[in-house]
Amino acid sequence: MLPEVEKLLRVQHHDQRIAAIDKELAGIPLLEEDVRDKLLEDEATQNEAKSALQQTEIAIKNLELDIDTRKDSITKLKVQQYETKKNDEFTRMGEEIVRYGEEINGLEDSEIELMEQAETQKATHEKAKAEHEESKTDVVTELEDLGDLAKNLKKEREEEVVKRKVHADPLDSDVLYNYERLFKGKAGQAIVGLVDEVCQGCHMRVVKSTYMEVKGEKQLTNCENCGRILYYWTDDSVGKDMGGY
């Protein structure tokens, strides 16, 4: 294998790793946002449950006030009934007392329904509250983990850049420039193996003269179909191609 090809394979290995790290680093802020969004969702759920419970409790208090008002009215009517000497007034007051009593029964039935609803809402609120508290703890842990991951990735990236430099610096500037141009334009595959006369980048068969040049390993050769730099693939080149550096 040409020394230039071996160096380019190593450079490409580190460039591919750097690109993978950059992609992972770019995704971390999105993951952090997802974690915070989950917390906001749990907080919103808790607030909704709390608001629903509060509205029910207010409705219960309003019913209690209505019931007490009618009970007071019944008490006053009974006093007035006792004091009146007119039969028609006594009868009318009696009818009012009955009407208020029926209204109280209806209000008390509604109150019971609301109290049962409130019990369910309390359980829902307590569950939402507990989940929110758990989420706050989880968020802190997850954000710390993501922070550690970002730190480790940045450190690994720095190491990859240093390793890349070791193999890139000895290369001719024109060769390196051509490689870097191909790396950007060919989805991170600038130099690929030639297997059975087939370019492993575009999977097209090369012409016989290109095949002989690559096999001869006298100079850098490009695929006439896709432009990628080719090297003659053998079992011995597998380790270099995979980049165990």
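Laid out as a table, the results:
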quantity: Matching option when the condition is touching a residue at least 24 places away in the same chain (Cβ under 8 Å) and part of a helix (DSSP H, G or I), among Glu160, Glu144; calculated: Glu160
quantity: Pick from the stretch 163-175, criterion in contact (Cβ under 8 Å) with a residue 12 or more places away in the chain and part of a helix (DSSP H, G or I), ranking: nearest to Val214 (Cα to Cα); calculated: Val175
quantity: Qualifying positions in the stretch 187-199 - part of a loop (DSSP other than H, G, I, E, B) and crowded, with 18+ Cβ neighbours inside 10 Å; calculated: Ala190
quantity: Complete set of residues in the stretch 141-180 that are small (Gly, Ala, Ser) and under 21 Å from Pro3 (Cβ atoms); calculated: Ala168, Ser173
quantity: Scan of the stretch 92-137 for residues that are out of contact with any helix residue (DSSP H, G or I) (no Cβ under 8 Å at 6 or more places or on another chain) and closer than 30 Å to Ile28 by Cβ, ordered by number; calculated: Ala130, Glu133, Glu134, Thr137
quantity: Candidate set: the stretch 53-95, residues that are without any contact (Cβ under 8 Å) to a residue 24 or more places away in the chain and of a type in the set (Lys, Arg); chosen: the one surrounded by the fewest Cβ atoms within 10 Å (Cβ to Cβ); calculated: Lys85
quantity: So Ile18, is it free of Cβ contacts under 8 Å to residues at least 24 places away in the same chain and either exposed (fewer than 13 other Cβ atoms within 10 Å of the Cβ) or within 30 Å of Ile229 (Cβ to Cβ) (or both); calculated: no
quantity: Criterion violated by Glu160 - all others in (1) out of contact with any Lys or Arg (no Cβ under 6 Å at 6 or more places or on another chain); (2) of a type outside the set (Ser, Thr, Tyr); (3) within 19 Å of His14 (Cα to Cα); (4) surrounded by 13 or more Cβ atoms within 10 Å (Cβ to Cβ) satisfied; calculated: (1)
quantity: Qualifying position, being outside the structural domain of Gly227 (by TED's automatic domain parsing), without any contact (Cβ under 8 Å) to a residue 60 or more places away in the chain and part of a helix (DSSP H, G or I), among Val98, Val139; calculated: Val98
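Rundown of residues vs (1) within 30 Å of the chain's Cα centre (by Cα); (2) within 19 Å of Lys184 (Cβ to Cβ); (3) polar (S, T, N, Q), yes/no style:
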position	(1), (2), (3)
Leu8	no, yes, no
Ala19	yes, yes, no
Gly27	yes, no, no
Lys38	yes, no, no
Glu41	yes, no, no
Glu48	yes, no, no
Glu57	no, no, no
Lys78	no, no, no
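The values are calculated or read from the model by the stated rules, or taken from the named source; none is laboratory data. The model shown is predicted, which means the values in this text are computed figures rather than measured ones. Methodologically, a virtual Cβ is constructed for each residue, glycine included, from the backbone with ideal geometry; neighbour enumeration extends over all protein chains shown.
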